[in-house]
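Here's the structure we're looking at; comments come further down.
The values are calculated or read from the model by the stated rules, or taken from the named source; none is laboratory data. Computed from a prediction, not measured in an experiment: that's the story for all the values here. Methodologically, a virtual Cβ is constructed for each residue, glycine included, from the backbone with ideal geometry; neighbour enumeration extends over all protein chains shown.
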Amino acid sequence: MAQPPGPFERVYDAHAVGIYRFIYARVGNHPDAEDLTARVFLRAVEQLDTGRPPAQIAAWLYRVAQNAIADHWRAFYRLPLVGADHVGPGWEPVAPGDRPPTDEPDRAADRVRRLLGRLPPTYRRVLELRFLERRSVAETARAMGISDGNARVLQYRALRRAALVGEANDA
């Protein structure tokens, strides 16, 4: 015989779809919305007081969701994106003679190369595949021999670490 849902399960059932839709409307893609929704409820498991009135619980969950979205975009925009046409094999800058004469030297490629060099190998690899090679999460996961979910988590952690490394370099 199935047990009745506990307090957290009731909160999850009541709010998971709404939180997901709220996040999806702000990030625009399903994988990130799923990851962020999971983070919201992971934090809820750790910190939510299920004895509070339902309106307070809902307000708290949406506040956590807003913070998760803000963290997501902060991490996303801190890492400069460089097209694959600006870096060569081994992620070295393309020689100036190999570029069209109208291109100026690309400092961003050098910054990305230095930043990636300071990351652990798995973090560096996931960022190279996702942003330099512009592969999808599924393609990245296959290339690394991991699950799609693991690739998303690895990407998130790598972006956070890259943001911290970038801040340390700017200081």
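For the reader, a short list of remarks on this structure follows.
- Among the residues of the range 144-160, the ones that are surrounded by fewer than 19 Cβ atoms within 10 Å (Cβ to Cβ) and under 20 Å from residue 117 (Cβ atoms) come to 3 in all.
- Filter result for residue 97 (modelled with pLDDT under 75, surrounded by fewer than 18 Cβ atoms within 10 Å (Cβ to Cβ) and either outside the structural domain of residue 162 (by TED's automatic domain parsing) or farther than 16 Å from residue 76 by Cβ (or both)): yes
- Restricting attention to the range 122-156 and to residues that are among the charged types (D, E, K, R) and either modelled with pLDDT under 85 or outside any helix (DSSP H, G or I) (or both), the residue that is farthest from residue 30 (Cα to Cα) turns out to be 133.
- Within the range 21-43, tally of residues that are over 13 Å from the mean Cα position of the chain (by Cα) and either in the same structural domain as residue 153 (by TED's automatic domain parsing) or within 14 Å of residue 71 (Cβ to Cβ) (or both): 5
- Among residues of the range 112-136 that are under 18 Å from residue 32 (Cα atoms), those with a beta-carbon under 7 Å from a residue that is part of a helix (DSSP H, G or I) and of a type in the set (Val, Ile, Thr) at least six positions away or on a different chain give the pairs 126/140; 129/140; 130/140.
- Matching residues, the range 1-23, being farther than 18 Å from residue 37 by Cα and of a type in the set (A, V, I, L, M): 1, 2
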